[in-house]
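The values are calculated or read from the model by the stated rules, or taken from the named source; none is laboratory data. It should be emphasised that the depicted structure is a prediction, and the values quoted were computed from it without experimental measurement. In this analysis, Cβ positions are derived from the backbone assuming ideal geometry, glycine residues included, and neighbour counts consider all displayed protein chains.
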Amino acid sequence: MGWLKRVIDHDISYSFTRSWVIMLAAFVTLFIIITSVFAPWVTIHDPFNPSSLNLMDAFTPPIWVEGGKWTYPLGTDDQGRDILSTIMFGNRISLLVGFLSVLLAMLIGVTLGTVSGYIGGWLDSLIMRLADAQLTVPPILIALLVNGVARASLMQELQESLAIYVLVFSIGIAAWPQYARVTRSGAMVERNKEYIAAAKVIGVHPGLIMVRHIVPNVMGPTMVLATIGVPLAIIIEATLSFLGVGVPPTTPSLGTLIRIGNEFLFSGEWWITIFPALALVVLVLSVNLIGDWLRDTFNPKLR
Amino acid sequence: MTALLEVDRLRIEFPTRRGILVAVDDVSFSIEEGEVLGVVGESGAGKSVTGAAVIGLLEPPGRIGRGDIRFEGRQLNGLPQEAMRRIRGAKIGAIFQDPLTSLNPIYSIGRQLTETLTTHTDLSSSQARSRAIDLLNEVGIPAAERRVDSYPHEFSGGMRQRVVIALAICVNPRLIIADEPTTALDVSIQAQIIGLLKNLCHEHRTAIMLITHDMGVIAEMSDRVAVMYAGRIAEIGPLREVVKSPKHPYTVGLMDSIPKVGQEKDQLSHIRGAMPRLQEIPPGCPFHPRCPEAFDRCQVERPDMMDTGHPRQAASCWKYARTASHG
C-alpha cells in the first residue's frame, strides 16, 4: 500500500484536508456525479416514460408547500414529471456534455498547441492566428454557429439522436484556443530544456518527442484549465439548451428544464424552473471551486 | 588512420535582418578515437555553436554556410534529417550544462535509461533494466538497485549529472560532445565528475569534445586544446604546449589572466578590451585591436593556421608567417 501512503502524505492531500470548503465542494460534486450516473436506479420515477406519468399529478408543488406530496419531494412540472428525477437526469446530460466537450477541446487544443509550440515557424503563426481570430468571438456565438451548421448538414431523423454529440462538438470547437495557448507556452519552455536536446541527439523522432516528452510535461496547467473548463462548458450547454438549440425536451438537460420551467414562472409554479436552476448553480459552483483550488495548489507562487 | 571526427573549414551563419552574422568561420579540427579535445574561449566565441553543429542541434535560422563535418569518414552536414539521425543515432552522445533540465522530470531515471537502451540495442526490457543498474553503479550512484526507480528531482545536481553521463555512455557512443558539463556544479563535485568522465572514456575509448570556458577543467582532462576567439580557432595543439608555451598572443593573455596559487599580485592581469560583437568583427586578424604584438599586416589580412615550429601546434597569427614560409 505504498502508493496510498504517498497519496495521503502528499502536499495536495494536505491542502485538501485543510479547507472545509473544498472538501464540501468535492463531496457535492461526487454526490452529483454518482446520482447522475446512477440516475435510472436512484430516482423514484422515470420522468421520460410517458406511460408512468400521471397528468393528474401535474403542477404538484414541493412538499413543504401546501398540496405537496411525499412522492414528489420537489414537485412536478406541467406533465407530472418529478422535478427531482428530471434534475438527476438533467445533471447527467449536463455533466456528459461538459466532460466530453472539454475532452474534445483538450484533444484539439493540446495537439495544435504542442505542434505550434514545438515546431514553431509559420505553422505556429498560422495556428495561433487562427486561435486569436476565434478568441475575438464569444465562445457562445461560436458554439451557436457550429451547432447550427452541424444541424443543418445532418439529416432530419438523425438530429434528435445526435443532438448531444452535435452539442459536444460545437462546445469543444468553441473552447480549443485556450488549451492551445496554454499548451503552446508550456511546449515552448520544454522545447529548450536539455532533455529534449538529448532526445534529439540520440535520434528520437520529433513526433515521439512531442508525445512522450512535451505533452506529459505540459499537461499540469492544461488539466487545471480543464477543471475550470468543465463548468464553463456546462454553462454554455445550459445556455444553448435554454435558447432551444441544445438537447431536445424529451431528454432534457438542466438548461432545457430551466427553459421549460421559465414558461410557468409567472403563473406561480416557480419550482419548475427554480430547482433546476439551483442545481445548475450548485454543480457549477462546486466544480469551479475545485478548479480554483487545483490552480492555486499547482501554482507555487500562490501558496 | 582517418580521424573519428573531422571538421573542415566550417562556417556557421545566422541570417538576420541586418545581414548575415558569421558565428563560426573557417574552423578546422579533428578528433581521434579516444581523444579528448578541449575547446576553450570566452562567451560568444563560437564553442557551443560548433558543438551544436556536430550533433545536429543547430537551431534555425542558424545554418552551416560552408565546410564539412565528417564522422567516421562520412559527411554529416547536408544530409537529410532522417539519414543524419540514423548515422548519428547511437554513435554520438551529448552531455549538457544544466543537469536540472537534462532529464525528463516525469519519468524515473531507470525508465529513461532502459528506453534509450531498448531503442538503440537488442536488449530486452529486463536485460536493459539490469544494464541500467550496472551503468548507475558504474557512474557511482550508491544503492543503484534502489535508486533506479527514483525520479530526477530526488537527486542532487552532481548525482543528476552522473545519471546524465550514464545516459550519454549507455549505448557506447564513439564520441561525446560535453558542453560545459561541470559549469553548474560545485567545485568539489566538478572534480568528481571530471574524474568520472575521464575514467569512463578511457575504459570505453570514447572520444570527447569538451566545451568549456574553464581552463582548469581543460587542464584536468584533455589531450589537446583548441582556443577559440570570435568564431575562429586562435590556437590548437597538445595540452602541455598550449598551457606551458602558448603561441598565439590571445592564448598568452588567457594563460596570464588565470590566477595562480602562491603568486603575489596586486592586480590580476587581463586582456585589454573585449571580444568584438559578431557584427563588428574587424577585418584582418579579429584579435588585432586587443593584441599587444599587432603589426600592419594584422589589420588588413586574415591569418590562416600557421605552423608554430612545434609539430601539431598551430596558431592563426602572422607572427609565424615567416616560419611557415621558410618551412
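Couple of notes before you dig in:
Residue-wise test of (1) assigned to a loop (DSSP other than H, G, I, E, B); (2) not basic (Lys, Arg).
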residue	(1), (2)
A:PHE48	yes, yes
A:ILE63	yes, yes
A:ASP78	yes, yes
A:MET88	no, yes
A:ILE93	no, yes
A:LEU96	no, yes
A:LEU123	no, yes
A:ARG129	no, no
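- Only one of the listed residues (A:GLY220, A:GLY186) is under 17 Å from A:ARG295 (Cβ atoms), at pLDDT 90 or above, under 29 Å from the mean Cα position of the chain (by Cα) and within 14 Å of another protein chain (Cβ to nearest Cβ). That residue is A:GLY186.
- Selected residue [of a type in the set (A, V, I, L, M) and modelled with pLDDT under 80] from B:ILE87, B:ILE106, B:ILE64, B:ILE92: B:ILE87
- Within segment B:236-259, the presence of at least one residue that is surrounded by fewer than 24 Cβ atoms within 10 Å (Cβ to Cβ) and part of a strand (DSSP E or B) is confirmed.
- Odd one out for A:ARG181, checked against (1) charged (D, E, K, R); (2) within 14 Å of chain B (Cβ to nearest Cβ); (3) surrounded by fewer than 22 Cβ atoms within 10 Å (Cβ to Cβ): (2)
- At least 1 residues being closer than 30 Å to B:LEU113 by Cβ, in contact (Cβ under 8 Å) with a residue 60 or more places away in the chain and β-branched (Val, Ile, Thr) is the threshold, and among the helices (runs of 4 or more DSSP H) wholly inside segment A:135-232 those reaching it are A:156-191, A:206-209.
- Residue within segment B:88-96 that is assigned to a helix (DSSP H, G or I), within 14 Å of chain A (Cβ to nearest Cβ) and surrounded by fewer than 17 Cβ atoms within 10 Å (Cβ to Cβ) present: no
- Qualifying residue in segment A:42-59 (condition: at positive phi, out of contact with any helix residue (DSSP H, G or I) (no Cβ under 8 Å at 6 or more places or on another chain) and surrounded by fewer than 16 Cβ atoms within 10 Å (Cβ to Cβ)): no
- Filtering A:PRO249, A:PRO276 for residues that are out of contact with any Asp or Glu (no Cβ under 9 Å at 6 or more places or on another chain) and in a helix (DSSP H, G or I) leaves a single hit, A:PRO276.
- Residues of segment B:116-145 that turn out to be within 14 Å of chain A (Cβ to nearest Cβ) and surrounded by 19 or more Cβ atoms within 10 Å (Cβ to Cβ), as a count: 2
- Taking segment B:1-35 as the range and being over 14 Å from B:ALA226 (Cα atoms), among the β-branched types (Val, Ile, Thr) and touching a helix residue (DSSP H, G or I) at 6+ places or on another chain (Cβ under 6 Å) as the test, only B:ILE12 passes.
- Check on A:THR222, within 23 Å of A:ASP124 (Cα to Cα) and of a type in the set (S, T, N, Q): yes
- Filter result for B:GLN192 (more than 22 Å from A:LYS200 (Cβ to Cβ) and not small (Gly, Ala, Ser)): yes
- Consider segment B:97-110 and keep the residues that are at the interface with chain A (Cβ under 9 Å from one of its Cβ atoms) and among the β-branched types (Val, Ile, Thr). The one that is surrounded by the most Cβ atoms within 10 Å (Cβ to Cβ) is B:THR101.
- Screening B:GLY157 against (1) surrounded by fewer than 21 Cβ atoms within 10 Å (Cβ to Cβ); (2) within 16 Å of A:GLU194 (Cβ to Cβ); (3) more than 14 Å from chain A (Cβ to nearest Cβ) leaves a single unmet condition, (3).
- Residue in segment B:175-193 that is crowded, with 21+ Cβ neighbours inside 10 Å and among the small types (Gly, Ala, Ser) present: yes
- Test: residue in segment B:90-109 that is out of contact with any strand residue (DSSP E or B) (no Cβ under 8 Å at 6 or more places or on another chain) and under 20 Å from B:CYS201 (Cα atoms): yes
- Considering the conditions (1) outside any helix (DSSP H, G or I); (2) more than 14 Å from the chain's Cα centre (by Cα); (3) within 13 Å of chain A (Cβ to nearest Cβ); (4) not aliphatic (A, V, I, L, M), B:PRO181 is excluded by exactly one of them, (2).
- The number of residues in segment B:263-290 that are modelled with pLDDT under 85 and assigned to a loop (DSSP other than H, G, I, E, B) comes to 19.
- Any hit, segment B:281-292, residues being within 25 Å of the chain's Cα centre (by Cα) and closer than 22 Å to B:GLY216 by Cβ: no
- Close pairs (7 angstrom Cβ cut-off, 6 or more residues apart or separate chains): in a helix (DSSP H, G or I) in segment B:118-144, exposed (fewer than 14 other Cβ atoms within 10 Å of the Cβ) anywhere: B:THR118/B:SER125; B:ILE133/B:GLU145
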